[in-house]
Amino acid sequence: MTDPTKPALGLSVGATTLTAVTAHRTVTRRLVHIDFVDRVGDPVGIVAPDGSVHAGETLLADALRALAYAATAGRPLPAATAITHPAHWRPGAVEALRRALRRIPEWAADEPLLIADTAAAATALQADPGLPTRGVIALCDFGGSGTSITLLDAAGGYRPIAPTVRHLDFSGDLIDQGLLAHVMAELSAGGPLDVTGTSAIGSLTRLRADCRAAKERLSTVTVTAVPADLPGFRGDVRLTRAELDDTVHRSLADLVAAVQDTLARAGVRPAELAAVASIGGGAAIPVVTTTMSEHLRVPVVTTTRPAATAAIGAALRVARGPADDSATAVAATPALVVAADPEPAPATGRALAWSEASDVPDLAPPVREPAPVLGARPVLDFEPEPALPVDDAVPWHRRPLSVVAAALLVIFAAGAGTFVALRNDTNAAAPAAPAPSITTTPEAAPTVEGAPPPPAMAEPPVTETATVTPPTQQAPLIPRIPPIPTIPGLPQFFLQPQASG
């Protein structure tokens, strides 16, 4: 269980920022010189302006020590300290930072816990606002120099299932540069500006910093102003959220394609993707959340302070102690679950530190069934239609072959009977040809000398006349249809002939 009285310190290392979180304070420092973070583990040292050479991990360890004291307001550092490193770092860079931390006097006896930022972020997101307990979660870390994509197995303790993929075409620095180009185009429309001289270098540097601040403000407002102080112009430039969305539209589409490609390479089907978890400063941009949810068709889970998610998770992990070092599944909070009479968190002007949030739950037992998740878009379940049950007692007219056979048999029998009936009735009703009148007269027998006379006829000769008169009216031909044979199983109403009119 998390001990609220136990002081804990969480530190996170980013490419452009360092963040520290305690029970009472959150401190973020932007790095002016970011080369030493990328040079951690590099055998070639960094040359300072005074000519001295320093290792990148040594400079980073000193910067973390100074940030830790800023978070504790100068008080002694707590023994429970955890530091996160970028998940895409090589093992050599992680081990180099570990050795450099051991050389810090405050951490020589109690070595800080060094973990990947993806593991710490999963711990923080489980506590607030909650994560699905099944499927694959795409964790996207929107940093200053690029975006890291890590696939986590929710049922396997939120462990990575594939190496972290680094996408460099969507980053905070590129967004700042795009906004700077947009502001310069607006200024140039009002008249030519001379920014080629050395005197304009400082002005452009300040303008870029103001564009970065305007980007952060547009995460909560829709319109802001960027102060500009350049040779030939001094005033404010109006900047809207729609213009910010247009600036990141193309690069954000490439990022969505990179996430889909990462899923395909890992063998993860689209239906297996349960959610997208977004951390880092770029996760606060509203168009990032809506675009990811629209194209990937899953909820996007984030926190109110995504830039400090890794540091919050590190503090939670070390506060729970070694016994709770493994990732666990916790019940989702009302931010993602439709619960009875949920109590929303009060809206404040600043982000709460990890222990200041009243709705951060303690370690809960594993949840066996996933809670219904809500997000920018609802979860869509695509299930195949159930097959119709096969019934052995299906009537004959529901069987396709039986219907066809019975119909063919009825048509054949009716046609054959009609043909025979028409043929017989035609022969019987044909009119007889009229016979001519016939008269029969016996001829006289020839006379022979000396012969006796012929005997006398008993009756007089008969004349026969047969006269046939054709009928004056012939009856109409009505075919006689023979009875249709009875088919077993065929309803009798199909066999009854219809009465003629």
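Could you check the simple spin-label distance between E186 and A108, using points 7 Å along Cα→Cβ, in nm with one decimal?
5.5
Compare the peptides 273-279, 107-113, 126-132 by average per-residue count of other Cβ atoms within 10 angstrom and give them in order, highest first.
273-279, 126-132, 107-113
Evaluate 2.2 N^0.38 Å with N set to the residue count of segment 172-243, then give the Cα radius of gyration divided by it.
Computed over Cα atoms of segment 172-243, the ratio equals 1.05.
Can you give me the long-range amide H partners of T133? Hydrogens built in the peptide plane at 1.01 Å from N, cutoff under 5 Å, separation of 5 or more residues or another chain.
Those qualifying (amide H under 5 Å, at least 5 residues apart or on another chain) are A371.
Name the long-range amide H neighbours of A228: under 5 Å, sequence gap of 5 or more, or other chain; modelled H, no Pro or chain starts.
G235, D236, V237
Using mean Cβ contacts within 10 Å as the protection proxy, how do 40-46, 146-152, 288-294 order, highest first?
Per-residue mean Cβ counts within 10 Å order the peptides as 146-152, 288-294, 40-46.
Given the options P227, M184, P160, identify the residue whose Cα lies farthest towards the positive end of the charge dipole of segment 140-282 (+1 on Cβ of Lys, Arg; -1 on Cβ of Asp, Glu).
P160
Count charges around L263 for me, please; just the other residues with Cβ under 15 Å from its Cβ, Lys/Arg as +1, Asp/Glu as -1.
Charge balance in the 15 Å sphere: 0.
Summing +1 for each Lys or Arg and -1 for each Asp or Glu, what net charge is found among the other residues whose Cβ lies under 14 Å from the Cβ of I104? Present the calculation step by step, with values, prior to reporting the outcome.
On the way: positive: R65, R98, R99, R102, R103; negative: E57, D62, E106, D110, E111.
Spelling it out: positives minus negatives among the neighbours equals 0.
Please rank Y158, Y69, fewest neighbouring Cβ atoms within 10 Å first, as an exposure proxy.
Least to most surrounded, the residues fall as Y69, Y158.
Calculate one ³J(HN,Hα) per residue across segment 146-155 by plugging θ = phi - 60° into the Karplus curve 6.51 cos²θ - 1.76 cosθ + 1.60, and present them in order as whole Hz with x for glycine and proline.
Going residue by residue, I get x, 10, 9, 10, 10, 9, 10, 8, 5, 6 Hz, with x marking Gly and Pro.
Counting only other residues whose beta carbon sits under 11 Å from that of A79, what net charge do I get with K and R as +1, D and E as -1? Mind showing how you got there, number by number?
Working: positive: K6; negative: E106, D110, E111.
Summing Lys/Arg as +1 and Asp/Glu as -1 gives -2.
Can you grab the distance from the C-alpha centre of segment 113-154 to the C-alpha centre of segment 188-239, Å, no decimals?
The two parts, judged by their Cα centres, are 35 Å apart.
HN-Hα J couplings of segment 131-138 from phi, Karplus 6.51/-1.76/1.60, θ = phi - 60°, integer Hz, Gly and Pro as x?
Result, rounded to whole Hz: 10, x, 9, 9, x, 10, 10, 8.
With no solvent and one point per C-alpha, what does the Debye sum give as log10 I(q)/I(0) for segment 106-241 at q = 0.09 Å⁻¹?
Evaluating at q = 0.09 Å⁻¹ gives log10 I(q)/I(0) of -0.46.
What percentages make up the Cα-Cα pair-distance distribution of segment 1-130 when the bins are 5 Å wide from 0?
2, 10, 20, 24, 21, 13, 7, 2, 1, 0, 0
Here, each number is a calculation from the coordinates, and none is a lab measurement. Here the structure is a predicted model, which means the values were calculated and not measured. Positions of Cβ are generated from backbone atoms using ideal geometry, with glycine treated the same way; all protein chains shown enter the neighbour counts.
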